[in-house]
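One structure is given here, and the rest of the page talks about it.
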Amino acid sequence: MIKFDQVSKTYPGGHRALEKVSFELGNGELAFLTGHSGAGKSTLLKLISVMERPSAGHVFINGVDLNGVSNRQIPFVRRDIGIIFQNHRLLERYNVFDNVALPLVIEGMHHKHIAKRVHAALDKVGLLDKVRCQPSTLSGGEQQRVGIARAIVNSPPLLLADEPTGNLDPELSMEILKLFEDFNRHGTAVLIATHDLGLIARMKYRSLTLNHGRMSQDPLMEGGL
Ligand code: ADP
Ligand code: ADP
């Protein structure tokens, strides 16, 4: 699903955020991405969603080298990726239905199909009864679930989450992680960036660890590429 081959990222101004990072995430795999604040987690996710470009090395999604993807083609790459942010980034002027429908509207899907997909996505996160609510009237956990419904509404094979439980208490955090597990059981690959070590310890998944831009101890990559 994802392959990083000796990927480095230096931001303008010379700050080196990633240094020769190599790893693979298989189809249908779930893994955590951990590391201290500033370790490079967000940068790594931005390289996958082509919000940033590598300074050196190659990022592959389903065998496609993203270096060969033009800016015009980026929306097509992103269709395969559901992205979940810490602060969910919902549009306050729109209700829950319209927020979740947004990726499908952008794709140009017919409105009849959109309604069906949106209801299915809200059903999966347990929010069907909130479909006409404004985001501001929902709790933090509910707002995060709306963000997750929006990320999965077009059934992407890959989900990226950047500190998805950052603003939630431990109980709600577990609920959100169980949702990710559920999507993963249905075949979605999931990469979750988090510095919540307590959460990771309670789950049995692989952990990719960044330390000042370097990836250490990826057990599946011993010996390197
Ligand atoms: P994390 O998500 O692990 O906290 P980031 O990927 O956000 O780490 O940041 C890694 C390093 O790169 C940090 O030192 C950060 O300040 C720097 N950085 C991130 N984005 C930019 C940017 N757009 N321009 C310059 N430096 C950046
Ligand atoms: P997030 O939680 O989404 O990573 P941040 O508050 O860390 O948000 O960063 C907001 C934006 O600023 C991001 O696009 C990030 O890449 C950028 N950024 C982070 N650190 C730096 C930095 N040192 N210099 C310039 N831009 C940065």
message: Going by amide H atoms built from the backbone, whose H comes under 5 Å of the H on HIS212, apart from near neighbours?
response: HIS36
- prompt: Considering amide H positions built from the backbone, and no H for Pro or chain starts, which residues 5 or more places from ARG206, or on another chain, come under 5 Å of its amide H?
  reply: PHE32
- prompt: Where does the charge balance sit around CYS133 when Lys and Arg score +1, Asp and Glu -1, over other residues with C-beta under 13 Å from its C-beta?
  reply: -1
- line: Sorted largest first, the C-alpha extents of segment 175-215 along its principal axes in whole angstrom are 33, 20, 15
message: Can you report the principal axis dimensions of segment 89-155 using only the alpha carbons, biggest first, rounded to whole angstrom?
response: 30, 23, 17
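With Cβ to Cβ distances under 13 Å as the rule, what net charge do the other residues near ASN87 carry (K, R +1; D, E -1)? Don't skip to the answer; put the middle values down first.
Details: positive: ARG89; negative: GLU92, ASP162, GLU163.
Within the 13 Å Cβ shell, the charges total -2.
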field: GNM flexibility winner over the chain from LEU208, LEU159, LEU168 (Cα, springs under 10 Å)
entry: LEU168
- prompt: Does anyone have the angle between helix 170-185 and the longest principal axis of the chain? Alpha-carbon axes, 0 to 90°, nearest 10?
  reply: 80 degrees
query: Over the Cα atoms of the chain, how large are the radius of gyration and the largest Cα-Cα distance (Dmax), in Å?
result: 17.4, 53
- request: May I ask you to list the lysines whose Cα is less than 19 Å away from that of LYS178, ignoring any residue fewer than eight positions away on the same chain?
  value: LYS124, LYS204
query: Against the longest alpha carbon principal axis of the chain, how many degrees, from 0 to 90 and to the nearest 10, is the axis of helix 140-152 turned?
result: 80 degrees
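How large is the charge dipole for the chain, taken about the Cα centre, if only the Cβ atoms of Lys, Arg (+1) and Asp, Glu (-1) carry charge, to the nearest 20 debye? Don't skip to the end; give the middle numbers.
Values: 26 positive and 23 negative charges, 104 e Å.
For the chain, the charge dipole is close to 500 debye.
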- prompt: Which residue, ASP80, ASP169, ASP196, has the most motion in a Gaussian network model of the chain that connects Cα atoms within less than 10 Å?
  reply: ASP169
task: Using θ = phi - 60° and the Karplus relation 6.51 cos²θ - 1.76 cosθ + 1.60, list the HN-Hα couplings for segment 104-116 in order, rounded to whole Hz, with x at every Gly or Pro.
output: 6, 4, 5, 5, x, 5, 5, 4, 4, 6, 4, 4, 5
query: When the chain is treated as a GNM, springs tying every alpha-carbon pair under 10 Å, which of GLY147, GLY28, GLY40 comes out with the largest mean-square fluctuation?
result: GLY28
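Computed from the coordinates by the stated procedures, all read-outs in this text should not be read as laboratory data. Nothing here was measured: the structure is a model prediction, and the numbers come from that model. Using ideal geometry, Cβ is built from the backbone for each residue, glycine included, and neighbour counts are taken over all protein chains shown.
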